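Below: the structure, in structure tokens.
Every number here is computed from the coordinates shown, using simple stated rules; none is lab data. Predicted model, so just to flag it, every value in this text is computed and none were measured. Backbone-built Cβ (ideal geometry, glycine too); neighbour counts: all protein chains shown.
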Amino acid sequence: RWRFDFAWPARKLAVEVEGGIWVDGRHGRGAGMEKDMEKYNRATVLGWAVLRFSPGGVKNGNACREIEAWLAHDRV
């Protein structure tokens, strides 16, 4: 039903890049936010971690650093 921008299914890690947040895009409007919340909540119920980043966080390297930190942490 849903797709993530990036995912590591074996680790149950999902990554979403929230584009359009400064230009009234889908992620910044009510209907889009409602659908995103449904998706993220369902993923959490199913045991997934969801990391969310802005395009700026991708460009400045923060997204990669956070993803690497998450993957490096030993989870059982």
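Highest first, please rank the peptides 12-19, 61-68 by the mean number of other Cβ atoms sitting within 10 Å of their residues. Walk me through the numbers before you get to the answer.
Numbers: 12-19: 17.8, 61-68: 13.2.
Final packing ranking: 12-19, 61-68.
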By a straight-distance test (C-alpha under 18 Å), which lysines pair with K12 as possible cross-link partners, with residues fewer than eight away in the same chain excluded? K39
Sorting check: for 35-43, 49-57, which peptide has the highest mean count of neighbouring beta carbons within 10 Å, and how do the rest follow? 49-57, 35-43
